[in-house]
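> Handing you a structure now.
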Amino acid sequence: MALSHSLGFPRIGRDRELKKALEAHWRGELDEAGLRAVGQRLRAEHWQLQKDAGIDLLPVGDFAWYDQVLGHSLAFGVIPERFRSAGGKPTLETLFAMARGAVANKSSGNCCSGAHAQELTKWFDTNYHYLVPEFGVDQQFALSWEQLFEEVEEARALGHQVKPVLIGPLTYLWLGKAKGADFDRLELLERLLPVYGEILQRLAGQGVEWVQIDEPILVLDLPQDWKNAFERAYNLIQREPCKKLIATYFGGLEDNLGLAANLPVDGLHIDLVRAPEQYPTILDRLPAYKVLSLGVVNGRNVWRCDMDKALAVLRHAHERLGERLWVAPSCSLLHSPVDLAREDQLDAELKSWLAFAVQKCQEVAVLGRALEAPDDAAVQAALEASRTVQAARAASTRIHKPEVQARLAAILPRHAQRQSPFAERIGKQRERLQLPVLPTTSIGSFPQTSAIRLARQAFKQGKLGAADYLEAMHGEIHEAIRTQERLGLDVLVHGEAERNDMVEYFAEQLDGYAFTRFGWVQSYGSRCVKPAVIVGDLSRPQAMSVEWIRYAQSLTDKVVKGMLTGPVTMLMWSFPREDVAREVQARQLALAIRDEVMDLEAAGIKIIQIDEAAFREGLPLRRAAWQHYLDWATEAFRLTASGVRDETQIHTHMCYSEFNDVIEAIAAMDADVITIETSRSDMELLEAFERFDYPNEIGPGVYDIHSPRVPDSAEMANLLRKAARRIPLERLWVNPDCGLKTRAWPETEAALVNMVAAARQLRAELA
Ligand code: GLN
Ligand code: ZN
């Protein structure tokens, strides 16, 4: 039979039980035994959910207390010196210290006093973040953490047939960083492999037959020495016990296809959702002894699978491979919400279109069964239901809006082009804005105090009337404006008190979006996000932000800048549609937000900021696909921004500093001003400007808002002097790295006072 399996299941729980337990533990309200009990209960529940859904081979090792990469670092003994305690073996306390940092001289325990956390970064192109392993030159590896074996035991005690999941040695090394000295982390491979051997032997001893070894880096552009290392590594690993399935996902193998197919292991998993073109090519390359696992159910989105489409591929593969065919989701279900059955407030139609992790397991199982028993009544019913859903969606007027499509079709190149080039319009803007050199501003949000959050919550729940809510928010805006005037900032903001989240706030006001109640996905550690769902063609029924900004502007003679979220960021932080291309959705968002830009301009707002925090993270994994992405993403931004007159100044904001490889695209966005993160990297970003002369104005962040530390004005002035060496003074702005909503007021005021002082000092010095 065609075996159905899952590559990994979400660990947070249907009600985010893991999040709640972790946070209670960190607050000291739940002891370690209590926390472990929650973990055990969740694992048991998740295996049962998958088994009940019809999955034959269940994953184990997909559970993690904070992050699976961190779990591997513990398992391999990759524990930086600052987290080592006298006692030897790491503990849960060590794990959390590596993840979150440790308070200095904490009285309980003896681990890690004052150690800063490991770096957190994006897991491939997902919104999941992992903890970056830190390798020293003389890094040793030793099996140091028993969790995997304990969990295998746990699952077997429950009577489950399991397949442990490991991150492969090459992917693990690739994801880490060499610290201290400059060396090639690939040199560590030979030292690392014996630990894999030990793990495989232990698992075999526990009666494990199959092990899944994740090597997603096989979908990246790999340097030749890394490709070679794959053969070396797996030639050694093949001698160890257990059958091995190499799992690849998030893209196509492309030039690594032959390499992956021929590794001396027992099976290969490929992602046919992201890279359907890999089939049937793979059949010609796969040795006749190998299992092929086809990922046909999207593990990264919330839509039901089109069963007929998936079955067409699977039937063909089944004829060729027989029992050697396995059926799976495209990747671990870590990236999809847990259980659609929890959604009690979705309308029946929309609900019938969706599938979360539990439902995706059911889909995988049905597809597997359909190959063996096509006439089975349950299979027939599931296929019929899938057809009904596909047909309903294809014809739905809720999704397909002729007016939106007509607007899209009418877009002309000039709509994505400002009236005059920057050099011309900047003069008009300066004339109108009358700002000093080195104008000071902020990125948009001010501290989200508990008063603000409570008012918003009460309003949402209907406990606070609209008039009272308006009054409360006006009060906040009033405070924010007065404070900024007192601090002496040049361009003011309204503070974004009314916004829960920069994407959700706008998504809620657009037609074409839907929201779930329980569609949570882990972002990192105990943090979860609940992305909005793009269901259909997008449009803006009415103005979304204008009244707040207009009110703010009415309170002051200084310029207030309007704040919007850009189309690329809206798209990247939502669950997108699967029935139209991403760039089409971006263009629809662009037109909707463009309307808002125009309304702000009409309301007399002279500066409008369109945030594109997620612009860079949309970059495809393969370099060859970058240009296409950059083209449509840039066009979407320009379409949003370009309806305004020359005199209206467009700002954008991005919260990172790795610009070197995309600086041309950033310039092509043609924002009049861009504010960016730079303080954490000590203005490293400015290197990009040596190679490329960024033509427009720029505000490199002069202090890090991610930390409560308040740098003094001399420190900020220093950063500004550095910036002034690369960027002409008349094109420099002065601002923090990012929005201030996670900070408290006292440190915010103190930092802004110093920032304004630094700008004044520089003006005096350089004038
Ligand atoms: N304007 C937003 C804010 O200040 C930008 C947030 C972001 O870049 N992530 O909060
Ligand atoms: Zn930011």
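Laboratory data are not the source of any read-out in this text; all were calculated from the coordinates shown. Note that this is a predicted model, so its numbers are computed, not measured. Counting neighbours? That spans all protein chains shown, and the Cβs are built from the backbone with ideal geometry, glycine included.
> In whole Å and largest first, what semi-axes does the C-alpha gyration tensor of region 200-329 yield when each eigenvalue is scaled by 5 and square-rooted? Intermediate values should be presented prior to the final figure.
Working: eigenvalues 115, 64, 41 Å².
The answer is 24, 18, 14 Å, longest axis first.
> According to a simple spin-label model (label point 7 Å from Cα along Cα-to-Cβ), what is the distance in nm between ALA378 and GLU190?
Output for this residue pair reads 5.3 nm.
> Tell me, what is the FRET efficiency for SER681 and ALA423 to the nearest 0.05, using R0 = 41 angstrom and their Cβ-Cβ distance as r?
Values: r = 29 Å, r/R0 = 0.72.
For R0 = 41 Å, the calculated efficiency reads 0.90.
> Where does each of 400-407, 603-610 land if you order them by average Cβ count within 10 Å, highest first? List each step's numbers first, then the result.
Working: 400-407: 13.6, 603-610: 21.0.
The densest-packed peptide leads the list: 603-610, 400-407.
> Another question, then. Could you tell me, in Å, what Rg and Dmax come out for the Cα atoms of region 603-648?
Considering region 603-648 through its Cα atoms, Rg and Dmax are 13.8, 43 Å.
> HN-Hα J couplings of region 618-633 from phi, Karplus 6.51/-1.76/1.60, θ = phi - 60°, integer Hz, Gly and Pro as x?
Listing the rounded values in order: x, 4, x, 5, 9, 3, 5, 8, 4, 4, 4, 4, 4, 5, 6, 5 Hz.
> Test of the criteria: in region 164-270, which trypsin sites (Lys or Arg not before Pro) are in a DSSP loop and have at most 15 other Cβ atoms within 10 angstrom of their Cβ? Could you put the intermediate results ahead of the total?
On the way: sites: LYS177, LYS179, ARG185, ARG191, ARG202, LYS227, ARG232, ARG239, LYS243, LYS244; in loops: LYS179, ARG239.
Filter output for region 164-270: ARG239.
> Between SER554 and ASP693, what is the label-point separation in nm under the 7 Å Cα-to-beta-carbon projection?
4.7 nm
> Okay, next question. For region 451-605, what log10 I(q)/I(0) values come out of the Debye formula at q = 0.13, 0.18 1/Å, with one point per alpha carbon and no solvent?
-0.70, -1.18
> Right, something else. At a temperature of 25 °C and a viscosity of 0.890 mPa s, determine how fast region 573-677 diffuses translationally according to Stokes-Einstein, using the Kirkwood radius over alpha-carbon pairs as Rh; express D in µm²/s, rounded to the nearest whole number.
Translational diffusion coefficient: 170 µm²/s.
> How big is the Kirkwood radius of region 510-594, worked out from every pair of different alpha carbons and given in Å to one decimal?
On the way: mean 1/r = 0.0677 Å⁻¹.
Answer for region 510-594: a Kirkwood hydrodynamic radius of 14.8 Å.
> Arranged from highest to lowest average of other beta-carbon atoms within 10 Å per residue, in what order do the peptides 139-148, 259-268 appear?
Numbers: 139-148: 17.3, 259-268: 20.1.
Answer by packing, highest mean first, reads 259-268, 139-148.
> Summing +1 for each Lys or Arg and -1 for each Asp or Glu, what net charge is found among the other residues whose Cβ lies under 14 Å from the Cβ of GLU479? Before the final figure, lay out each step's value.
Details: positive: ARG482, ARG486; negative: GLU471, GLU476, GLU485, GLU496, GLU498, GLU749.
Around GLU479, the charge tally is -4.
> Hey, another quick one. Cut-off under 13 Å on the C-alpha distance; same-chain residues fewer than 8 positions from LYS177 excluded. Which aspartates and glutamates are left, in chain and number order?
GLU119, GLU134, GLU187
> Write down the Kirkwood hydrodynamic radius of region 686-747, to one decimal in angstroms, obtained as one divided by the mean of 1/r over all alpha carbon pairs.
On the way: mean 1/r = 0.0782 Å⁻¹.
Kirkwood hydrodynamic radius for region 686-747: 12.8 Å.
> Exactly which trypsin sites (Lys or Arg not before Pro) in region 701-757 are in a DSSP loop and have at most 10 other Cβ atoms within 10 Å?
Values: sites: ARG709, ARG721, LYS722, ARG725, ARG726, ARG731, LYS741, ARG743; in loops: ARG709, LYS741, ARG743.
Those that pass, being in a loop and sparsely packed, are ARG709.
> Next up: I need the per residue convex hull volume for region 67-178, using only the alpha carbons, in cubic angstrom as a whole number.
Working: hull volume 14.6 nm³, N = 112.
For region 67-178, the hull spanned by Cα atoms encloses 130 Å³ per residue.
> If the cut-off is a Cα-Cα distance under 22 Å, which lysines reach LYS460, setting aside same-chain residues fewer than 8 apart in sequence?
Counting by Cα, and skipping residues close in sequence, LYS460 has these lysines nearby: LYS530, LYS741.
> For Cα pairs less than 8 Å apart in space and 6+ apart in sequence, what is the mean separation divided by the residue count of the chain, i.e. the relative contact order in percent? All intermediate terms of the calculation are to be shown ahead of the outcome.
Details: 1447 pairs, mean separation 87.9, N = 767.
Rounded, it is 11 percent for the chain.
> Can you check what the Kirkwood hydrodynamic radius comes to for region 1-132, Cα pairs only, in Å to one decimal?
Details: mean 1/r = 0.0614 Å⁻¹.
One over the average 1/r among Cα pairs gives 16.3 Å for region 1-132.
> Multiply the residue separation of GLU730 and ARG623 by 0.36 nm, subtract the distance between their alpha-carbon atoms, and state the gained length in nm to one decimal.
Numbers: separation 107, 0.36 × 107 = 38.52 nm, distance 3.51 nm.
Contour length minus Cα-Cα distance gives 35.0 nm.
> May I ask you to derive the relative contact order of region 651-767, considering only C-alpha pairs under 8 Å and at least 6 residues apart, and to give it as an integer percent?
Relative contact order, region 651-767: 27 percent.
> Also, I was wondering about something else. Over 27 Å between Cα atoms: which of LYS19/LYS360; LYS351/LYS401; LYS227/LYS290 fall into that group? Working shown, then result.
Numbers: LYS19/LYS360 23 Å; LYS351/LYS401 20 Å; LYS227/LYS290 20 Å.
In this structure, not one pair exceeds 27 Å between Cα atoms.
> Considering the convex hull of the alpha carbon atoms of region 283-421, report its projected area averaged over all viewing directions, in nm², one decimal.
Details: hull surface 54.6 nm².
Its average projected convex-hull area is 13.7 nm².
> What's the percent breakdown of Cα-Cα distances in the chain across 20 Å bins, shortest bin first?
15, 47, 33, 5, 0
> Here's another thing I want to ask about it. Do the sum for the chain: with -39,500 (n - 2.57) for every DSSP H run of n ≥ 4, divided by all residues, what is the mean residue ellipticity at 222 nm, to the nearest 500 deg cm²/dmol?
Working: 27 runs with 322 residues, N = 767.
About -13000 deg cm²/dmol.
> Once both axes come from the Cα atoms, what is the angle between helix 582-602 and the longest principal axis of the chain, in degrees from 0 to 90, rounded to 10?
20 degrees
> Now, a different point. What do you get for GluC sites (Glu not before Pro) in region 454-560 restricted to DSSP loop and a cutoff of at most 15 other Cβ within 10 Å of the site's Cβ?
On the way: sites: GLU471, GLU476, GLU479, GLU485, GLU496, GLU498, GLU504, GLU508, GLU547; in loops: GLU496, GLU498, GLU508.
Here the GluC sites (Glu not before Pro) that fit, given the DSSP loop and packing criteria, are GLU508.
> Using Cα pairs under 8 angstrom and six or more residues apart, how large is the relative contact order of region 1-149, in percent?
Numbers: 183 pairs, mean separation 33.5, N = 149.
Relative contact order of region 1-149: 22 percent.
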